[in-house]
Every structure is written in C-alpha cells, then in structure tokens.
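The block underneath contains the structure these notes are about, expressed in structure tokens.
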Amino acid sequence: MPVVHEFSIAEALATQVLAHAPAGARVRGVEIRIGALRGLEPDALKMCWDAVTFGTPMAGAELEVDLRPWSITCSSCGREWTSSVPFVSCACGNATPAPLGGDELDLVAITVDDGEA
Ligand SMILES: [Zn+2]
C-alpha cells in the first residue's frame, strides 16, 4: 500500500517541520526534495500531508515536492542522462542501462507567517 508509506513520511515530515518552525508561527509552505529511489508519489504525499497537518499550526501549508529524476548510465556506450522513470532503453540499442536514484528526503525550506504581516 503506497499510501501507508506516504502517510508515515508525511507524519515524520510534520514532526520535523514543527521542530524547526518558530514557536507560535503559522507555517505557510514547506519545500522538500525527494530522491527517485524513495518511490514516493507527490500527489499522494500532499494528500497525506493535508490529513496529518489538519488542526495543527501547519494546516493549509503548501507542500512543494521537488522529485529528483533517476540518473541512467548506459554500460554499452557510457551515455548518462536523467529520466523520470527508472527503466528505459538507450539510443545505442542497450535495453538495460543501469538506473541510479538518490534516496534523499530533505527538508529544503519552511515559509512561516509570524503574524506581523
Ligand atoms: Zn547506450
């Protein structure tokens, strides 16, 4: 169940954001970067984020997901490129170039409204 996976990620993320946001501040936006290896679905993650943050100071905060592409390296011709899908064939005819994906899950930025605006 991918959604369960996304839900636990969203929960961990909410905990992290809460720890970083200034006390009493209202969180407006959260930006994260996810490696392709994580296999996360950004739309599902946003849905879970909305559910997890409901009723918290983060409620309604926009979750911006920067999903990193796969890096593909062809063992036949040495070509390297990036792709949004892990299994693609190379232009040289090699049907099984090696996909490499990062497993990063980084909190990039938090936008807060301190109430003075
Ligand atoms: Zn190739």
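The values are calculated or read from the model by the stated rules, or taken from the named source; none is laboratory data. All values reported here derive from a predicted model rather than from experimental measurement. When we count neighbours, we look across all protein chains shown, and the Cβ atoms used for this are built from the backbone with ideal geometry, even at glycine.
Numerical summary
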{"quantity": "Residue list for the stretch 51-87, filter: surrounded by 15 or more Cβ atoms within 10 Å (Cβ to Cβ), part of a loop (DSSP other than H, G, I, E, B) and not charged (D, E, K, R)", "calculated": "PRO57, MET58, ALA61, PRO69, CYS74, PRO86"}
{"quantity": "Pairs with Cβ under 6 Å, 6+ apart, first in the stretch 60-77 and without any contact (Cβ under 8 Å) to a residue 12 or more places away in the chain, second in a loop (DSSP other than H, G, I, E, B) and away from the ligand (no atom under 16 Å from the Cβ)", "calculated": "none"}
{"quantity": "Selection within the stretch 88-116 - assigned to a loop (DSSP other than H, G, I, E, B), surrounded by fewer than 12 Cβ atoms within 10 Å (Cβ to Cβ) and more than 16 Å from the ligand (Cβ to nearest atom)", "calculated": "ASP103, ASP114, GLY115, GLU116"}
{"quantity": "Test: residue in the stretch 87-106 that is charged (D, E, K, R), touching a residue at least 24 places away in the same chain (Cβ under 8 Å) and out of contact with any Leu (no Cβ under 9 Å at 6 or more places or on another chain)", "calculated": "yes"}
{"quantity": "Number of the exception - VAL88 against (1) in contact with an Asp or Glu (Cβ under 6 Å, 6 or more places away or on another chain); (2) more than 21 Å from ASP106 (Cβ to Cβ); (3) not acidic (Asp, Glu)", "calculated": "(1)"}
{"quantity": "Residue list for the stretch 1-35, restricted to those being assigned to a helix (DSSP H, G or I), hydrophobic (A, V, I, L, M, F, W, C) and at pLDDT 90 or above", "calculated": "PHE7, ILE9, ALA10, ALA12, LEU13, ALA14, VAL17, LEU18, ALA19"}
{"quantity": "Count of the stretch 72-89 residues which are modelled with pLDDT of 90 or more and under 19 Å from ALA36 (Cα atoms)", "calculated": "9"}
{"quantity": "Search result, residues across the stretch 35-49 that are closer than 10 Å to PHE7 by Cα and free of Cβ contacts under 8 Å to residues at least 24 places away in the same chain", "calculated": "LYS46"}
{"quantity": "Out of ARG28, ARG79, sole residue that is within 16 Å of the ligand (Cβ to nearest atom), basic (Lys, Arg) and farther than 19 Å from PHE7 by Cβ", "calculated": "ARG79"}
